[in-house]
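Contents: one structure, followed by commentary.
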Amino acid sequence: MGTLVHFPKLAELRARTDRDLVRILNADLDRSLALATVAATGRSVFRAQAEAMYSRAKTLLPKLSGATPNELAELEGKLKELSMALDLVPGTMDLEERSAAVCGGNAHAN
């Protein structure tokens, strides 16, 4: 029952998956931004959820091969906005300071 793989179908599936992922990331980043803005403290469950989404989005963005430059720019802008909102939650260190504290060194230089 040997069937040949149709690469155009795989490319179409990958493009559709990337489009869906862009849509999902946009919605999740919007929701996470709202959560970060209502978080009262660094130990808030809202902040924890928003920070988890920040980490997931930061990991997934480089893997989006089918996203347009405009889509990537929009997602990167939302990710930066979320990072700033998380940094503004009272009683928390910023994400880079937290990474440095956990890793024992500099998180990364930007």
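Looking across the range 25-51, the residues that are of a type in the set (Ser, Thr, Tyr) and either open to solvent by 60 Å² or more (accessible area, probe 1.4 Å) or without any contact (Cβ under 8 Å) to a residue 24 or more places away in the chain (or both) come down to THR37, THR41.
Within the range 64-80, the set of residues being exposed (fewer than 14 other Cβ atoms within 10 Å of the Cβ), part of a helix (DSSP H, G or I) and more than 11 Å from the chain's Cα centre (by Cα) comprises PRO69, ASN70, ALA73. Residues in the range 81-96 that are part of a helix (DSSP H, G or I) and modelled with pLDDT of 60 or more were compared, and the one that is most open to solvent (accessible area, probe 1.4 Å) is MET84.
The values are calculated or read from the model by the stated rules, or taken from the named source; none is laboratory data. Treat the numbers as computed from the prediction; the structure is a model and nothing was measured. Don't worry about glycine lacking a Cβ; one is built from the backbone with ideal geometry, like all the others, and counts go over all protein chains shown. Accessible surface areas use protein heavy atoms only, side chains included; no ligands, DNA or RNA. Shrake-Rupley method; radii C 1.70, N 1.55, O 1.52, S 1.80 Å.
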